[in-house]
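First the structure, in the form of structure tokens, and then the observations on it.
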Amino acid sequence: PYPLEGSPTERIPSVGRSQLSPEAQKLWEGYRTSSANRAQLETQIKQVTQWRDRYQVALYCGEYGVHNVAPQADRVRWHRDVSELLKQENIGHALWSYRAAFGLVPEGGTAMDPQLLQAIGLGNPRNL
């Protein structure tokens, strides 16, 4: 879930949690007990931009995204926040993939997701 405030346990069916590998369960526990929101993302990005400014180098975020098993509204909100923050800090960026689980085009589909396009700042797919 995104943004995440408090415990999201109720948003993941118990069957889904039981099928997680031990490593994934450990990661989920860490995520479950943290905050995931725009302010937290901004804090992380600021750490990177401080490094950039100190060493006078360009930054590029080569892959980012949300798996398509996440709720669509959460995917859109997360993409919007990350894309806006990267642009705000003048960090070049690209989505993880064009098509499939992390992409703008659903697996087996032919059309880009207009909500994700708008979230990353590309607007209407007809205008591309």
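A quick yes/no check of all residues on (1) under 20 Å from P3 (Cβ atoms); (2) in contact (Cβ under 8 Å) with a residue 60 or more places away in the chain; (3) in a helix (DSSP H, G or I):
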residue: V57; (1), (2), (3): no, no, no
residue: E63; (1), (2), (3): no, no, no
residue: V66; (1), (2), (3): yes, yes, no
residue: D74; (1), (2), (3): yes, yes, yes
residue: S83; (1), (2), (3): yes, no, yes
residue: L86; (1), (2), (3): yes, no, yes
residue: E107; (1), (2), (3): no, no, no
residue: Q118; (1), (2), (3): yes, no, yes
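Quick one: which of S97, S34 is open to solvent by 30 Å² or more (accessible area, probe 1.4 Å), in contact (Cβ under 8 Å) with a residue 12 or more places away in the chain, closer than 21 Å to E5 by Cα and part of a loop (DSSP other than H, G, I, E, B)?
Only one candidate qualifies: S34.
Among L104, L85, which is open to solvent by less than 30 Å² (accessible area, probe 1.4 Å) and over 17 Å from Q44 (Cα atoms)?
When all the criteria are applied, what remains is L104.
Report yes if S97 is over 11 Å from the mean Cα position of the chain (by Cα) and of a type in the set (G, A, S), otherwise no.
Taking the combined requirement at face value, the residue satisfies it.
Check Q44 against each of (1) in contact (Cβ under 8 Å) with a residue 24 or more places away in the chain; (2) not in a strand (DSSP E or B) and name the one condition it does not meet.
The failed condition is (1).
Report whether or not W78 is at pLDDT 95 or above and either under 18 Å from L4 (Cα atoms) or surrounded by 16 or more Cβ atoms within 10 Å (Cβ to Cβ) (or both).
Against the criterion (at pLDDT 95 or above and either under 18 Å from L4 (Cα atoms) or surrounded by 16 or more Cβ atoms within 10 Å (Cβ to Cβ) (or both)), W78 qualifies.
Considering only region 52-66, state which residues are farther than 20 Å from L122 by Cβ and either open to solvent by less than 80 Å² (accessible area, probe 1.4 Å) or at pLDDT below 95 (or both).
Scanning region 52-66 gives R52, V57, L59.
The values are calculated or read from the model by the stated rules, or taken from the named source; none is laboratory data. A quick note: this is a predicted structure, and the numbers were derived from the prediction, not measured. For neighbour counting, all protein chains shown are included, and Cβ atoms are generated from backbone atoms with ideal geometry for every residue, glycine included. With ligands, DNA and RNA removed, areas are computed over all heavy atoms of the protein, side chains included. Shrake-Rupley method; radii C 1.70, N 1.55, O 1.52, S 1.80 Å.
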